[in-house]
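**Student:** Here it is, the structure in full.
The values are calculated or read from the model by the stated rules, or taken from the named source; none is laboratory data. Every value quoted in this text rests on a predicted model; they were computed, and no experiment measured them. Virtual Cβ from ideal backbone geometry, glycine too; neighbours counted across all protein chains shown.
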């Protein structure tokens, strides 16, 4: 018999007077484990472990938790993109050369593997780059939603682009899906994972085992892709 899917929930605990958010992930594991990365405190626990026992263990390692969280917060953020003529960015894992030519009227054009930007006194190159990437993202995301929605037997949902710094997608109770435009800077299989994740919410508006079983229908290796997404998120250029 295959192992039961894990379940996750977001919780809070006070350690030495500091409120700390953590994600609790219950599964078929036998022991309680703590880990900390750029996402914060992660706690893995057996399905039947009592919450009191879990939080008692967190308190036992309270200083370690606070020290590790502080270390992660102090780590340097990704460098700001040096947006100059001839620079390269990666969209869907493919290199895209950026050419910048002042022209007087702000516009952009995407041809093959080159993105041409014509900034103006009122619209700089960075603003044009974001507009171009948003347009590209909107087109790609719509195609991926149209590809996966029929596989779940649901209609293609309305799409909105998001600029959230820490959230890659969301699904509203009205059935609309928002996807972070910065996903266009990641490989297509990562975009597909987020698309499948949000489409699954059209069937299950939670993160229960039933929800993850729906995700698995569309994306059998969702766990590996989710981990890769979290690793790539720290490397995206800032602009």
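**Student:** I'd like the full set of residues that are free of Cβ contacts under 8 Å to residues at least 60 places away in the same chain and touching a helix residue (DSSP H, G or I) at 6+ places or on another chain (Cβ under 9 Å), limited to region 166-185.
**Tutor:** Start the filter on region 166-185 by keeping residues that are free of Cβ contacts under 8 Å to residues at least 60 places away in the same chain, which leaves 166-167, 169-183.
166, 169, 170, 171, 177, 178, 179, 180, 181, 182, 183, listed by residue number.
**Student:** Return the residues of region 130-152 that are farther than 30 Å from residue 212 by Cα and touching a strand residue (DSSP E or B) at 6+ places or on another chain (Cβ under 6 Å); say none if nothing qualifies.
**Tutor:** Passing the criteria: only 132.
**Student:** Here's a follow-up. Do the conditions hold for residue 146, that is, is it part of a helix (DSSP H, G or I) and free of Cβ contacts under 8 Å to residues at least 60 places away in the same chain?
**Tutor:** Working: part of a helix (DSSP H, G or I): yes; free of Cβ contacts under 8 Å to residues at least 60 places away in the same chain: yes.
So residue 146 passes the test.
**Student:** Moving on to the next point. Out of 163, 122, 139, 172, which single residue is surrounded by fewer than 19 Cβ atoms within 10 Å (Cβ to Cβ) and under 18 Å from residue 238 (Cβ atoms)?
**Tutor:** Values: 122 fails: under 18 Å from residue 238 (Cβ atoms); 139 fails: under 18 Å from residue 238 (Cβ atoms); 172 fails: under 18 Å from residue 238 (Cβ atoms).
Going through 163, 122, 139, 172 in turn, just one is surrounded by fewer than 19 Cβ atoms within 10 Å (Cβ to Cβ) and under 18 Å from residue 238 (Cβ atoms): 163.
**Student:** Further question: In region 41-66, how many are within 13 Å of residue 15 (Cα to Cα), surrounded by fewer than 12 Cβ atoms within 10 Å (Cβ to Cβ) and without any contact (Cβ under 8 Å) to a residue 40 or more places away in the chain?
**Tutor:** Counting residues in region 41-66 that are within 13 Å of residue 15 (Cα to Cα), surrounded by fewer than 12 Cβ atoms within 10 Å (Cβ to Cβ) and without any contact (Cβ under 8 Å) to a residue 40 or more places away in the chain gives 2.
A quick yes/no check of all residues on (1) under 19 Å from residue 231 (Cα atoms); (2) in a strand (DSSP E or B):
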residue: 12; (1), (2): no, yes
residue: 35; (1), (2): yes, yes
residue: 49; (1), (2): no, no
residue: 53; (1), (2): no, no
residue: 57; (1), (2): no, no
residue: 69; (1), (2): yes, no
residue: 98; (1), (2): no, yes
residue: 102; (1), (2): no, no
residue: 105; (1), (2): no, no
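**Student:** From the list 197, 207, exactly one residue is closer than 21 Å to residue 25 by Cα, outside any loop (DSSP other than H, G, I, E, B) and touching a strand residue (DSSP E or B) at 6+ places or on another chain (Cβ under 7 Å). Which is it?
**Tutor:** Details: 207 fails: outside any loop (DSSP other than H, G, I, E, B).
Of 197, 207, the one residue that is closer than 21 Å to residue 25 by Cα, outside any loop (DSSP other than H, G, I, E, B) and touching a strand residue (DSSP E or B) at 6+ places or on another chain (Cβ under 7 Å) is 197.
**Student:** Can you find a residue that is surrounded by fewer than 19 Cβ atoms within 10 Å (Cβ to Cβ) and in a loop (DSSP other than H, G, I, E, B) anywhere in region 179-187?
**Tutor:** Among the residues of region 179-187, at least one is surrounded by fewer than 19 Cβ atoms within 10 Å (Cβ to Cβ) and in a loop (DSSP other than H, G, I, E, B), which makes the answer yes.
**Student:** Going by what's in this entry, would residue 33 be described as on the phi > 0 side of the Ramachandran plot and not assigned by TED's automatic domain parsing to the domain that holds residue 228?
**Tutor:** Values: on the phi > 0 side of the Ramachandran plot: no; not assigned by TED's automatic domain parsing to the domain that holds residue 228: yes.
For residue 33, the condition - on the phi > 0 side of the Ramachandran plot and not assigned by TED's automatic domain parsing to the domain that holds residue 228 - is not met.
**Student:** What residue, among those in region 28-40 that are at pLDDT 90 or above and surrounded by 16 or more Cβ atoms within 10 Å (Cβ to Cβ), is nearest to residue 50 (Cα to Cα)?
**Tutor:** It comes out as 32.
**Student:** Moving on. Among (1) modelled with pLDDT of 95 or more; (2) in a helix (DSSP H, G or I), there is one condition residue 126 misses while meeting the rest; what is its number?
**Tutor:** Condition not satisfied by residue 126: (1).
**Student:** Pick from 111, 103, 145: which is on the phi < 0 side of the Ramachandran plot and in contact with a helix residue (DSSP H, G or I) (Cβ under 8 Å, 6 or more places away or on another chain)? Write out each step before concluding.
**Tutor:** Values: 111 fails: in contact with a helix residue (DSSP H, G or I) (Cβ under 8 Å, 6 or more places away or on another chain); 103 fails: in contact with a helix residue (DSSP H, G or I) (Cβ under 8 Å, 6 or more places away or on another chain).
145 is the lone residue from the list that is on the phi < 0 side of the Ramachandran plot and in contact with a helix residue (DSSP H, G or I) (Cβ under 8 Å, 6 or more places away or on another chain).
**Student:** Against the condition more than 19 Å from the chain's Cα centre (by Cα), in contact (Cβ under 8 Å) with a residue 60 or more places away in the chain and within 25 Å of residue 95 (Cα to Cα), how does residue 233 come out, does it pass?
**Tutor:** no
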